[in-house]
Amino acid sequence: MHIALIGYGKMGKEIEAIAVRRGHTITCKISSTNKYEMNPQILQWADVAIEFTRPEAAFENVSACLDAGLPVVCGTTGWTNQKETAEKKCMEKKGAFLYASNFSIGVNIFFEINKRLAELMNKYETYDARIEEIHHTAKLDAPSGTAISLAQDVIQKLDRKKVWSIQPGEKNGRSLHIESLRKDSVPGTHIVKYSSEIDDIEIRHTAHSRAGFALGAVLAAEWLQGRTGCFEMKDVLEL
């Protein structure tokens, strides 16, 4: 498989290493220094693009891939207000677009556990829910896309929570609080916690490196080949 890498920072380099180990070829590596290569003439040599850049660049990059008829896997977070427009364009172009806030296999299993726990806790109103996420200091968006996905799933299953907020809310209020912490050299930790006066219940996912995210992105690119439509990581993993 021939892969166009859009974004060549730490994640891009990790994806490159894993893709090459799996027998794939990198046809181009596009970053802010050679953005002029983001054109159909360069992109046509790839079978799929993997995009990990910045929130302000993601929609333009995904759109360019779709215009070039190139399937695109996107892991950039912080731009989901434009995601629906990208999906609409994908359908109009009869293209292929896969977005995930997190490509880790473990995190996507964690998403499913989070939904089930929220279902179980729905009738026990003495427990208040909150989310905490910890990432490295270079992470630009807060809360993380993964934390937002977790919060949205909790809100769907937990009737007493209506919105998520980064501001601490009243205990047992309608707002689901997300706390974002930034520390050196932390790939990513997410905690969903239910607290009562009697006890606490929490589930946690801790990433040890970027390798899990990179492997998931490559698996998603392999899976996307030959498909048409808009997809998520749960489609790849059949969750």
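The values are calculated or read from the model by the stated rules, or taken from the named source; none is laboratory data. This one's a predicted model, so the numbers in the text were calculated from it and none came from an experiment. Neighbour counts are summed over all protein chains in view; Cβ atoms, including those assigned to glycine, are modelled from backbone coordinates with ideal geometry.
Among the residues of segment 141-187, how many are touching a residue at least 40 places away in the same chain (Cβ under 8 Å), touching a helix residue (DSSP H, G or I) at 6+ places or on another chain (Cβ under 7 Å) and surrounded by fewer than 16 Cβ atoms within 10 Å (Cβ to Cβ)? Count: 0. Among residues of segment 1-17 that are under 15 Å from Pro187 (Cβ atoms), those with a Cβ under 8 angstrom from a residue that is basic (Lys, Arg), sequence gap 6+ or separate chain, pair up as Lys10/Arg210; Met11/Arg210; Glu14/Arg210. Only one entry of Glu170, Glu179, Glu197 meets the criterion of being outside the structural domain of Trp79 (by TED's automatic domain parsing), farther than 15 Å from Leu98 by Cα and part of a strand (DSSP E or B), and that entry is Glu179. Screening segment 23-42 for residues that are in a loop (DSSP other than H, G, I, E, B) and within 23 Å of the chain's Cα centre (by Cα) and picking the one that is farthest from Gly9 (Cα to Cα) gives His24.
Filtering segment 1-22 to residues that are more than 20 Å from Glu222 (Cβ to Cβ) and assigned to a helix (DSSP H, G or I) leaves only Lys10.
Can you tell which of Ile113, Ile148, Ile109 is among the β-branched types (Val, Ile, Thr), within 22 Å of Val218 (Cα to Cα) and part of a helix (DSSP H, G or I)? Can you show your working first?
On the way: Ile113 fails: within 22 Å of Val218 (Cα to Cα); Ile148 fails: within 22 Å of Val218 (Cα to Cα).
Ile109 is the lone residue from the list that is among the β-branched types (Val, Ile, Thr), within 22 Å of Val218 (Cα to Cα) and part of a helix (DSSP H, G or I).
Here Ala129, Ala68, Ala86 are screened, and the one residue that is small (Gly, Ala, Ser) and not assigned by TED's automatic domain parsing to the domain that holds Gly216 is Ala129. If I filter segment 207-216 for residues that are out of contact with any Asp or Glu (no Cβ under 6 Å at 6 or more places or on another chain) and within 17 Å of Pro143 (Cα to Cα), do I get at least one hit? Yes, segment 207-216 contains at least one residue that is out of contact with any Asp or Glu (no Cβ under 6 Å at 6 or more places or on another chain) and within 17 Å of Pro143 (Cα to Cα). Restricted to segment 43-92, and to residues there that are assigned to a helix (DSSP H, G or I), among the aliphatic types (A, V, I, L, M) and free of Cβ contacts under 8 Å to residues at least 60 places away in the same chain, the residue that is surrounded by the most Cβ atoms within 10 Å (Cβ to Cβ) is Val62.
In this structure, does Ser31 turn out to be more than 18 Å from Phe231 (Cβ to Cβ) and surrounded by 14 or more Cβ atoms within 10 Å (Cβ to Cβ)? Taking the combined requirement at face value, the residue satisfies it. Every test in (1) of a type in the set (Asp, Glu); (2) farther than 16 Å from Val72 by Cβ; (3) touching a His at 6+ places or on another chain (Cβ under 8 Å) is passed by Glu56 save one, and that test is (3). Sub-7 Å Cβ pairs linking a first residue in segment 210-239 that is over 27 Å from Glu92 (Cβ atoms) to a second residue that is charged (D, E, K, R) and outside any helix (DSSP H, G or I), at least 6 apart or interchain, are Val218/Arg22, ordered by first then second residue.
When segment 188-217 is filtered for residues that are surrounded by 18 or more Cβ atoms within 10 Å (Cβ to Cβ) and more than 14 Å from Val72 (Cβ to Cβ), the ones remaining, listed by number, are Gly188, His190, Val192, Tyr194, His205, Ala207, Arg210, Gly212, Phe213, Ala214, Leu215, Gly216.
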